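Rule-based calculations on the coordinates, nothing more; no lab input. Since the model is a prediction, treat every value here as computed from it, not as a measurement. Don't worry about glycine lacking a Cβ; one is built from the backbone with ideal geometry, like all the others, and counts go over all protein chains shown.
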Amino acid sequence: MTTITATQAWPGSSDAPVFREPWEAHAFAMVLRLHERGLFSWPEWADALAAQITAAQARGDRDLGDTYYQHWLSALEAIVAAKGASSAAELERYRGAWDHAADRTPHGQPIELQPHDFGPSG
């Protein structure tokens with residue numbers, strides 16, 4: 001399997017990084033991994049991503065390329081929920097926990113989830 005890092009450029013492209021932020025590379029890798037594991041076909045993924053981009057454009061996204069991986073992540077969340085691999089509620093619970101963990105983590109340190117990041121019920 002080919003590993004792409006945030007500082008590599010696509011073959012034949014300019015020297016600009018493929019991903020502007022590490023989370024973009026992680027979202028990209030998650031899609032590839034879930035596809036490899038058979039959660040969805042590539043045409044299903046393309047349809048899910050196109051639906052997210054179309055919806056964003058309808059909401060006024062100027063489509064300058066800077067929001068592409070936000071659409072990628074939204075499509076990933078939608079297809080994971082649609083396939084029953086997780087629920088929208090579970091994804092929201094983890095999003096909140098990550099936000100809480102990030103808020104308490106000093107800059108430059110790894111973010112680690114702890115039971116209290118999920119709220120009073122842990």
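From the residues P106, G119, I53, which one has its Cα farthest along the dipole of the chain in the positive direction, the dipole being from +1 and -1 charges on Cβ of Lys/Arg and Asp/Glu about the Cα centre?
Checking the options against the dipole of the chain, the answer is G119.
Looking at region 32-122, which trypsin sites (Lys or Arg not before Pro) are in a loop (DSSP not H, G, I, E or B) and have at most 14 other Cβ atoms within 10 Å?
R37, R59, R62, K83
Would you compute the Debye intensity of the chain from its alpha-carbon atoms alone, equal scatterers and no solvent, and pass along log10 I(q)/I(0) at q = 0.10, 0.18 Å⁻¹ to two decimals?
-0.39, -1.19
Before rounding to the nearest 500, sum -39500 (n - 2.57) across all DSSP H runs of length at least 4 in the chain and divide by the residue total; then give [θ] at 222 nm in deg cm²/dmol.
Counting only the DSSP helices, I get -17500 deg cm²/dmol.
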